[in-house]
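What follows is a single structure, written as structure tokens, with notes after it.
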Amino acid sequence: MCEVTVSDVVRQFGALKTQYVDKMDENKALRETVELLKNRLQKKEDYRLRLIGIVKLHSDKHRERERCLQNRIDQLETHIAEQMRSIDEYSKRIVVLETTLAEQSEEVESYLNTINKLNKEVASLKDELTHANNNNSIINVSNQSIKKNSAASALNLSHPSFSIDSKEPLKKRRMSKAQIKKKARRWSNLNITISGSNVKKDIDINSSNSSNSESDLSSSREKRRKLYHADEDATIDLSNDKD
């Protein structure tokens with residue numbers, strides 16, 4: 001057997017100690033590497049979880065938005081269907097209104113034709129009225145000339161019973177039929193003879209004195225006749241009144 005010396009043992013112990021120290025250093029480096037890897041893994045896990053939370057949140061938001069959009073789409077589809085029904089109803093109404101408008105246009109055209117005819121008739125009537133007014137003005141001038149030269153202009157009714165109070169109201173000045181008949185009976189025995197240059201002489205209005213001669217009429221310019229009444233006498237002045 002070979003002998004082991006102390007120096008060999010010391011040398012082996014030194015070598016083992018060196019290996020031990022190296023292994024310890026290696027283990028320390030490995031521990032640090034493992035710790036670093038653990039930290040990195042933890043960070044990655046946190047990041048992964050955070051990403052998962054973000055994705056989940058966005059997924060929830062997208063799902064909620066998708067649900068809202070689907071509800072909105074359903075509402076729009078319902079509204080579109082209602083609008084289509086309304087459009088169909090309005091189309092039918094438009095057709096009815098077009099038919100009614102055509103009928104009313106025909107009626108309006110008929111009314112316009114009638115109005116044109118009536119306007120022509122009115123113009124014709126206006127022309128006739130103007131012509132009649134012109135004729136009436138000529139007739140009125142002739143009547144005024146005749147009245148001026150008539151027997152009525154030669155009468156001078158001076159008795160108070162023939163006067164008209166213009167200050168009285170118009171209703172009081174209007175006589176009833178009974179009053180007119182009473183006046184007519186009152187003046188029924190009035191005999192009027194006209195004298196003057198405007199009318200022909202020898203004219204006796206009433207027949208009571210028709211036997212008067214031409215000499216009696218020409219001899220007197222003023223004739224007076226009495227009105228016999230139960231209450232008073234009326235006298236008419238028949239003098240020649242030249243206004």
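No value in this document is a laboratory result; all are computed from the given coordinates. In this text, all values refer to a predicted model and were calculated from it rather than measured experimentally. Ideal geometry is used to build each Cβ from the backbone, glycine not excepted, and the neighbour counts take in all protein chains shown.
For region 50-58, what does the Karplus curve 6.51 cos²θ - 1.76 cosθ + 1.60, with θ = phi - 60°, yield as ³J(HN,Hα) per residue in whole Hz, taken in order and with x for Gly and Pro?
Rounded to whole hertz, the list is 5, 5, 4, x, 5, 4, 5, 4, 5.
How large is Rg over Rh for region 8-148, taking Rg from the Cα atoms and Rh as the Kirkwood inverse mean of 1/r across Cα pairs?
Result: Rg/Rh = 2.00.
Could you go through region 24-37 in sequence order and give the Karplus-derived ³J(HN,Hα) for each residue, using 6.51 cos²θ - 1.76 cosθ + 1.60 with θ = phi - 60°, rounded to whole Hz, and x for Gly and Pro?
Once θ is set to phi - 60°, the couplings for region 24-37 become 5, 4, 5, 5, 4, 5, 5, 4, 4, 5, 5, 5, 5, 5 Hz.
Count the net charge of all other residues whose Cβ sits under 13 Å from the Cβ of Glu66, scoring Lys and Arg as +1 and Asp and Glu as -1. Don't skip to the answer; put the middle values down first.
On the way: positive: Lys61, Arg63, Arg65, Arg67, Arg72; negative: Asp60, Glu64, Asp74.
Cβ neighbours under 13 Å give a net charge of +2.
Specify which residue in the list Leu51, Val10, Thr78 is farthest towards the positive end of the charge dipole of region 8-148, using unit charges on the beta carbon of Lys, Arg (+1) and Asp, Glu (-1), about the Cα centre.
Going by the Cα projections, it comes out as Val10.
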